[in-house]
1. I'd like to know if the range 130-148 contains one or more residues that are among the aliphatic types (A, V, I, L, M), loosely packed, with under 15 Cβ neighbours inside 10 Å and in a helix (DSSP H, G or I).
2. Tell me the residue from S4, S45, S41, S18 that is assigned to a helix (DSSP H, G or I) and at pLDDT below 95, please.
3. Which of the following residues is among the hydrophobic types (A, V, I, L, M, F, W, C), in a helix (DSSP H, G or I), in contact (Cβ under 8 Å) with a residue 24 or more places away in the chain and more than 20 Å from S18 (Cα to Cα): V108, V104?
4. T26: under 13 Å from the mean Cα position of the chain (by Cα), farther than 21 Å from F173 by Cβ and at pLDDT 95 or above, yes or no?
5. Which of the residues spanning the range 67-98 are surrounded by 10 or more Cβ atoms within 10 Å (Cβ to Cβ), hydrophobic (A, V, I, L, M, F, W, C) and over 12 Å from the mean Cα position of the chain (by Cα)?
6. Any residue in the range 61-79 that is closer than 21 Å to I23 by Cβ sitting within a Cβ distance under 9 Å of a residue that is small (G, A, S) and outside any loop (DSSP other than H, G, I, E, B)? List the pairs, counting only those 6 or more apart or interchain.
7. Would you mind stating whether S132 is farther than 17 Å from K51 by Cα and touching a residue at least 12 places away in the same chain (Cβ under 8 Å)?
Amino acid sequence: MAMSDTSYSTFARIMHWSMALFILSTIPVGFLMIQEGLSRSLQNSLFIYHKNVGVLILVLAVIRLAYRGFRPPPPLPDHVPVWQQRAAGASHTALYVLIIAMPVAGYVRVVAGGFPIETLDAMGFPRLVPESKPLAETAKTLHFYGSYVIAGLAGVHIMAALQHGLLKKDGVFSRMWPPVRRGAD
């Protein structure tokens, strides 16, 4: 296979690393913002960051999935065992589901709870769910437990990538890593 057949496109790589940055920043912010003892100002800033980056993650996820529909990812190399290929496929599917579900649950929790989502409110985006305390509580619970699941899956994803990049050095990691251009000696 040619390199272009085995590597992700520049756009896919930019989307991957941008989303990774946003997701990996919102997880600790989400856990921090609900801690007791924070100043109201800090807590409000963390909530605003978390909500608005969540909106950005959802938009990027929709774009990324649409792109993926038009340009499927390259197949894993033949040397990767079938069980690892299946595990990678299942974990990627689960990550995509959660990357969509978490912002949606967060949106429902906030809007049904009667709270603002500053970016969407500034754009005049309509509130798609009614205010409802039971709905807000259900969405809050789903978002809370989902945060542990997505954090765990992200951890597994990172560990698998590092295994391929640092231990096996089998080219799987470099498919998504930004290409390194070597100058002429």
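The values are calculated or read from the model by the stated rules, or taken from the named source; none is laboratory data. Quantities reported herein were computed from a predicted structural model and do not represent experimental measurements. Counting neighbours? That spans all protein chains shown, and the Cβs are built from the backbone with ideal geometry, glycine included.
1. no
2. S4
3. Step by step, each of V108, V104 is checked, and only V108 is among the hydrophobic types (A, V, I, L, M, F, W, C), in a helix (DSSP H, G or I), in contact (Cβ under 8 Å) with a residue 24 or more places away in the chain and more than 20 Å from S18 (Cα to Cα).
4. yes
5. L76, V80, A87, A88, A90
6. That search, which allows pairs on different chains as well, returns R64/A12; Y67/A12; R68/A12; P73/A12.
7. So S132 passes the test.
Every residue, every condition in (1) in contact with a Ser or Thr (Cβ under 8 Å, 6 or more places away or on another chain); (2) among the acidic types (D, E); (3) under 23 Å from F47 (Cα atoms), yes or no:
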| position | (1), (2), (3) |
| --- | --- |
| F70 | no, no, no |
| S91 | no, no, no |
| M102 | yes, no, yes |
| E118 | no, yes, yes |
| P130 | no, no, yes |
| P134 | no, no, yes |
| G146 | no, no, yes |
| H157 | yes, no, no |
